[in-house]
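Colleague: One structure coming up, written as structure tokens, with questions to follow.
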Amino acid sequence: MDNRSQPRSAARAQVVNLDEARGRLVSRAPGLPESPPPAVSPGASPESPGELSSKAGQFDSFKTILAGYLKSADIERIAEAYAFSDEAHAGQMRVSGEEYITHPLAVAGICASWKLDTQALMAALLHDVVEDTGITINDVASRFGAPVGELVDGLSKLDKIEFESQEDAQAENFRKMLLAMARDVRVILVKLADRLHNMRTIGSLRSDKRRRIARETLEIYAPIAHRLGLNQVYRELQDLSFANLYPHRFAVISRAIKSARGNRREGVNKILEAIQKALPEAGIHAQVYGREKHVYGIYRKMVEKRLTFSQVLDVYGFRVVVKDVATSYHALGVLHALYKPVPGKFKDYIAIPKVNGYQSLHTTLIGPFGTPVELQIRTADMHRIAEAGVAAHWLYKSDDSAISDVQKKTHKWLQSLLDIQNSSGDPAEFLEHVKVDLFPDEVYVFTPKGRIMSLPRGATAVDFAYTVHTGVGDACVGCKINNEPMPLRTELKNGDLVEIITSAGSQPNPGWLGFVRTGKARAHIRHFMKTMKFEESAALGERLLGQALRAAGINDIELDSARWDKLLRDVGVKSRSELFADIGLGKRLAAVVARRFLSGAPGDVQDRQRDMRTAPVLIRGADGMAVQLAQCCQPIPGDPIIGLISKGQGLTIHTHDCKAIAKSRRKDHHDWVDVEWDPEPDRFFTVGIRVIVSNGRGILAKVAAALTSADTNITNVHTEDDESGNYANMEFSIQVADRQHLARVLRRLRHLPEVVRIVRVKS
């Protein structure tokens with residue numbers, strides 16, 4: 001989608017010649033020298049209108065591409081869509097002075113270079129008519145068919161809906177586009193073509209808008225292109241974004257690369273000649289050519305590894321294209337005999353393809369001048385997929401038997417987007433989860449049955465469990481990695497054999513959010529937390545409201561449905577459970593809701609509300625996520641306590657003498673709730689103690705033994721000698737049942753002659 005010079009939107013960037021766009025994107029035949037994307041000058045002025053080909057000339061070039069793979073009837077339908085779009089955009093101009101139709105025509109030309117089908121090309125020509133003219137989706141669907149209408153709808157922004165912020169609008173637009181993509185991958189292919197053309201012609205926009213669009217492209221669209229295997233588009237989008245975000249850095253590195261071409265030419269030519277001689281001598285027919293790393297790839301390597309440009313030795317590499325897989329491994333052996341390989345730098349993406357379907361052998365050799373040389377060995381089919389990804393097989397998608405592994409993996413990822421959406425109703429949260437999945441530096445692990453699973457680097461056993469199945473993730477309680485019991489938070493490494501242990505009664509642990517990496521795992525855990533928090537908050541809210549009403553002498557039996565219906569209408573909620581959850585989460589005060597309920601009650605009930613005295617809420621200590629024990633004072637049964645209702649957080653329990661709440665108790669008295677301990681709490685409670693002891697051999701063991709003998713569990717310990725070295729400060733986190741249990745523990749410690757002082761820590 002593009003901005004134009006009409007009043008409804010901001011400045012429009014200049015369009016480029018369709019032939020130039022086609023030349024940049026059409027897949028090169030294996031064996032031809034590959035050149036890097038043209039140098040980008042973000043501040044350059046666009047070409048003058050006179051230098052650009054005419055609209056008619058562009059369309060003639062476009063039809064020439066179509067004639068190479070489409071039937072004449074299909075070309076006529078596309079011509080009809082072009083005429084419709086041209087008429088709809090009549091009078092709309094780009095900032096450069098070009099007619100606006102040149103933009104959708106260029107986008108359709110890029111899609112044609114990928115050999116997309118008729119419906120996708122029609123959608124490319126029509127992708128802005130709904131957003132920028134008076135034409136509706138229904139108009140498009142009735143004229144060109146429902147599939148084209150759905151594609152255009154997926155590409156249209158949500159301009160008619162008002163959002164609280166630009167970030168919310170952006171997140172919702174991405175959510176809509178990605179979900180449309182999950183239904184039909186052609187949506188994102190057209191969108192990537194649209195974004196690619198916009199990035200190529202971004203020079204006319206204001207610098208702040210260029211940077212915003214470039215950052216969005218770098219964070220979202222380039223990773224999506226990579227995830228779909230469109231590596232050529234991925235590299236160009238990265239370079240274009242880098243050029244507009246950091247124009248000075250881009251210019252400096254571009255000049256350095258140009259200079260390096262001359263400085264390293266002798267070494268590159270010598271290696272190329274040696275490879276071209278060695279392979280035929282071994283009976284291998286191959287096409288060999290040099291490749292240059294793209295600018296952003298070099299910059300990222302400099303930043304991540306803290307290198308100067310001169311220290312980046314693999315600016316140039318070589319690609320070897322052979323006839324079949326067996327020859328790939330044969331060529332690898334020949335090259336390893338020619339130059340010594342660097343240990344640990346060999347990667348076999350043929351046996352275990354990347355998650356986007358990419359296949360190739362990667363190896364690094366020590367060249368004749370002692371510098372490392374990167375080589376990629378692949379077949380012609382692998383090369384085509386490496387450059388065009390899922391688009392390389394687009395024409396064959398109608399035949400289920402011919403669906404490629406690339407398409408299967410793409411379909412699996414798109415389905416995972418729907419899973420994440422089902423678990424995450426918030427667009428911003430959905431976008432956050434998807435971003436996590438768009439940067440997969442993969443590790444490959446095995447199931448007990450030998451199936452290979454691809455996960456992002458840093459993924460844990462919990463991520464693996466959710467990748468296998470949502471039910472497995474929800475029920476996992478432990479794992480075995482390489483047949484050894486390991487914690488669920490263990491990071492997985494390439495080649496690990498992972499087995500998940502499940503239990504029928506187990507549930508996701510909120511603590512898992514601290515270490516999971518995949519969007520699917522994060523989304524399902526958060527969904528569980530929200531559901532549980534709602535249920536627990538509703539239960540707490542019902543207790544709080546019941547407490548407030550009982551103080552006025554009203555029992556639940558007296559709450560007739562008519563009065564409930566009026567109360568729900570007055571406060572603007574749909575159900576009692578929603579009202580209870582709001583009270584439990586602190587969004588509404590129970591006393592205020594009770595007063596509203598009583599305001600329409602008979603006179604005697606209104607008299608009783610004047611004498612409302614809140615009976616304390618009983619706290620068991622295991623009330624779930626809606627009730628939390630404050631970490632600042634760590635209350636335990638027996639401590640005098642008070643509850644604080646925080647908006648969105650539920651009820652937090654503090655001790656009466658907690659210093660952290662001293663000021664807020666005086667100011668926000670409406671947020672405080674009288675609470676007391678249940679006579680029979682059903683759990684152990686963590687409490688901190690500080691023990692000062694005379695330093696000596698084995699003193700920690702003596703103190704730990706005394707604690708254990710008092711039927712307590714030690715969860716954490718920290719020791720530190722004082723400056724003299726005569727004494728040691730030991731801080732323990734221990735678990736006790738109540739204050740009486742704590743008193744017994746402290747008495748047991750005082751019997752040790754080395755103990756000088758014991759203090760309960762409340763901070």
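Colleague: Hey, could you check the range 249-296 for residues that are among the β-branched types (Val, Ile, Thr) and open to solvent by 30 Å² or more (accessible area, probe 1.4 Å) and say which is modelled with the lowest pLDDT?
Modeller: Step by step, filter the range 249-296, then rank; the result is Val268.
Colleague: Report, by residue number, each residue of the range 297-324 that is surrounded by 16 or more Cβ atoms within 10 Å (Cβ to Cβ) and more than 25 Å from Glu266 (Cα to Cα).
Modeller: Val322
Colleague: What pairs can you find where one residue is in the range 65-89 and among the basic types (Lys, Arg), the other is at pLDDT 90 or above, and their Cβ atoms are less than 8 Å apart, with a gap of 6+ or different chains?
Modeller: From the range 65-89, the pairs are Arg77/Thr118; Arg77/Met122; Arg77/Phe144.
Colleague: With Arg739, Arg690, Arg750 as the choices, which residue is touching a residue at least 12 places away in the same chain (Cβ under 8 Å), surrounded by fewer than 15 Cβ atoms within 10 Å (Cβ to Cβ) and among the basic types (Lys, Arg)?
Modeller: After ruling out the rest, the residue left standing is Arg690.
Colleague: Quick check on my filter: what residues within the range 338-380 are in a loop (DSSP other than H, G, I, E, B), open to solvent by 50 Å² or more (accessible area, probe 1.4 Å) and in contact (Cβ under 8 Å) with a residue 40 or more places away in the chain?
Modeller: Pro368, Phe369, Thr371
Colleague: On to the next question. If Phe59 meets every condition in (1) under 36 Å from the mean Cα position of the chain (by Cα); (2) modelled with pLDDT under 90; (3) of a type outside the set (Gly, Ala, Ser); (4) closer than 25 Å to Glu236 by Cβ apart from one, which number is that one?
Modeller: Among (1) under 36 Å from the mean Cα position of the chain (by Cα); (2) modelled with pLDDT under 90; (3) of a type outside the set (Gly, Ala, Ser); (4) closer than 25 Å to Glu236 by Cβ, the lone unmet condition for Phe59 is (1).
Colleague: Mind telling me which of the residues Ile557, Ile583 ends up being β-branched (Val, Ile, Thr) and modelled with pLDDT of 65 or more?
Modeller: None of the others qualify; the one that does is Ile583.
Colleague: Any chance you could count how many residues in the range 78-92 are among the aliphatic types (A, V, I, L, M) and modelled with pLDDT of 90 or more?
Modeller: Total satisfying the criteria: 4.
Colleague: Failed condition for Val303, given (1) free of Cβ contacts under 8 Å to residues at least 24 places away in the same chain; (2) outside any helix (DSSP H, G or I); (3) under 31 Å from the mean Cα position of the chain (by Cα), with all others met?
Modeller: All conditions are met except number (2).
Colleague: Collect the residues in the range 67-78 that are closer than 15 Å to Cys111 by Cβ, assigned to a helix (DSSP H, G or I) and not charged (D, E, K, R), keeping them in residue-number order.
Modeller: Ile75, Ile78, listed by residue number.
Colleague: Now, a different point. With the range 181-274 as the region, which helices (runs of 4 or more DSSP H) entirely inside it contain at least 3 residues that are closer than 26 Å to Ile385 by Cα and touching a helix residue (DSSP H, G or I) at 6+ places or on another chain (Cβ under 6 Å)?
Modeller: 186-200, 222-227, 231-245
Colleague: Quick check on the range 665-676. Is at least one of its residues surrounded by 13 or more Cβ atoms within 10 Å (Cβ to Cβ) and modelled with pLDDT of 85 or more?
Modeller: No, that holds for no residue.
This table checks each residue for (1) among the β-branched types (Val, Ile, Thr); (2) open to solvent by 70 Å² or more (accessible area, probe 1.4 Å); (3) assigned to a helix (DSSP H, G or I); (4) free of Cβ contacts under 8 Å to residues at least 12 places away in the same chain.
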position: Gly696; (1), (2), (3), (4): no, no, no, no
position: Asp711; (1), (2), (3), (4): no, yes, no, no
position: Asn716; (1), (2), (3), (4): no, yes, no, no
position: Glu723; (1), (2), (3), (4): no, yes, no, yes
position: Met730; (1), (2), (3), (4): no, no, no, no
position: Arg757; (1), (2), (3), (4): no, yes, no, no
position: Arg760; (1), (2), (3), (4): no, no, no, no
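Colleague: Determine which single condition Lys702 fails, assuming it passes every other condition in (1) open to solvent by 70 Å² or more (accessible area, probe 1.4 Å); (2) under 30 Å from Gly584 (Cβ atoms).
Modeller: Status for Lys702: all satisfied but (2).
Colleague: Moving on. When you go through (1) surrounded by fewer than 19 Cβ atoms within 10 Å (Cβ to Cβ); (2) in contact with a Phe, Trp or Tyr (Cβ under 8 Å, 6 or more places away or on another chain) one by one for Ala243, which number turns out not to apply?
Modeller: (1)
Colleague: Quick one: is Arg451 modelled with pLDDT under 85 and in contact with a His (Cβ under 7 Å, 6 or more places away or on another chain)?
Modeller: For Arg451, the condition - modelled with pLDDT under 85 and in contact with a His (Cβ under 7 Å, 6 or more places away or on another chain) - is not met.
Colleague: If the requirement is being acidic (Asp, Glu), part of a helix (DSSP H, G or I) and open to solvent by less than 10 Å² (accessible area, probe 1.4 Å), which of these qualifies: Asp474, Asp463?
Modeller: Answer to the selection: Asp463.
The values are calculated or read from the model by the stated rules, or taken from the named source; none is laboratory data. In this text the structure is predicted, and so the values were computed from the model without any measurement. When we count neighbours, we look across all protein chains shown, and the Cβ atoms used for this are built from the backbone with ideal geometry, even at glycine. Please note that ligands, DNA and RNA were not included when accessible areas were found on the heavy atoms of the full protein model with its side chains. Shrake-Rupley method; radii C 1.70, N 1.55, O 1.52, S 1.80 Å.
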